[in-house]
Amino acid sequence: MPKAADLKPGHIAEVNGKQYFVKNVDVKSPSARGAATLYKITFAEIQTKQKFEQTFKGDDMLGEVDLLNRPVQYLYADGDMHTFMDVEDYSQYTLTSEELGDTLLWLHDGMEGLTGLVVNDNFVNVQLPQSVVKKVLETAPRMKGATATKSAKPATLAGGLVVNVPEYVETGEEIKVNTQTKEFMSRA
């Protein structure tokens, strides 16, 4: 049984007998001594996709859900619908842009290494790998003599994501980005 403190976006948990997909986790650390850290979690119910928010203490236990992880590949977008293919049995699944949320920023046609989450024979969402290689579409040019300090500059990546990168990264390069923290890791 997972604790509220262990939940991250993309996880699935059972609350009050219903199965929910975790969309967002907001951590509130109170300043009073002895007060517990609170976790405001935004869920989406798996069957109805209805939004649900609840606040938990860090050691509150939530119900576990039987979940099947399947290796999938992102195929293409057709308007608001996004198609994924199971790489083992070639079955196809679709999710809406709303269901994917921020995950959509990381996806590109033909992307592999994704994990599809299947609950009660329903394809509910995908999990990203720990890191993704993205192309830098736009960033400020390198400043001469800026090597004395470790400074960062914003870079717009393919898909519209903006991350801070070191001064030496230039437009057109491919970089590796951590999908959890949205931070630059290295050149690809």
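The values are calculated or read from the model by the stated rules, or taken from the named source; none is laboratory data. A quick note: this is a predicted structure, and the numbers were derived from the prediction, not measured. Don't worry about glycine lacking a Cβ; one is built from the backbone with ideal geometry, like all the others, and counts go over all protein chains shown.
Within the stretch 87-119, restricting attention to residues that are out of contact with any strand residue (DSSP E or B) (no Cβ under 8 Å at 6 or more places or on another chain) and either modelled with pLDDT under 85 or of a type in the set (Asp, Glu) (or both), the residue that is farthest from Thr179 (Cα to Cα) is Asp89.
When restricted to residues that are hydroxyl-bearing (Ser, Thr, Tyr) and loosely packed, with under 15 Cβ neighbours inside 10 Å, the stretch 172-188 contains 2.
Pick out the one residue from Lys57, Lys3 that is in contact with a helix residue (DSSP H, G or I) (Cβ under 9 Å, 6 or more places away or on another chain), within 25 Å of Thr181 (Cα to Cα) and basic (Lys, Arg).
Working: Lys3 fails: in contact with a helix residue (DSSP H, G or I) (Cβ under 9 Å, 6 or more places away or on another chain).
Going through Lys57, Lys3 in turn, the sole match is Lys57.
Only one of Leu100, Leu95 is part of a helix (DSSP H, G or I), buried (at least 16 other Cβ atoms within 10 Å of the Cβ) and of a type in the set (A, V, I, L, M, F, W, C). Can you tell me which? Don't jump to the end; show me each part of the working.
Numbers: Leu95 fails: part of a helix (DSSP H, G or I).
Step by step, each of Leu100, Leu95 is checked, and only Leu100 is part of a helix (DSSP H, G or I), buried (at least 16 other Cβ atoms within 10 Å of the Cβ) and of a type in the set (A, V, I, L, M, F, W, C).
Against the condition more than 18 Å from the chain's Cα centre (by Cα) and of a type in the set (Asp, Glu), how does Asp59 come out, does it pass? Judged against the criteria, Asp59 is a match. Taken as a whole, the structure leaves Gly110 outside the set of residues that are under 25 Å from Val22 (Cβ atoms) and assigned to a loop (DSSP other than H, G, I, E, B).
Restricting attention to the stretch 52-75, the residues being without any contact (Cβ under 8 Å) to a residue 40 or more places away in the chain and either over 28 Å from Ser91 (Cβ atoms) or among the hydroxyl-bearing types (Ser, Thr, Tyr) (or both) number 4. Restricted to the stretch 120-139, and to residues that are at pLDDT below 90 and more than 17 Å from Gln180 (Cβ to Cβ), which residue is surrounded by the most Cβ atoms within 10 Å (Cβ to Cβ)? Per the criteria, the residue is Val124. Inspect all residues belonging to the stretch 70-87 and state whether any of them is closer than 28 Å to Ala5 by Cα and surrounded by fewer than 16 Cβ atoms within 10 Å (Cβ to Cβ). Yes; the residues of the stretch 70-87 include at least one that is closer than 28 Å to Ala5 by Cα and surrounded by fewer than 16 Cβ atoms within 10 Å (Cβ to Cβ).
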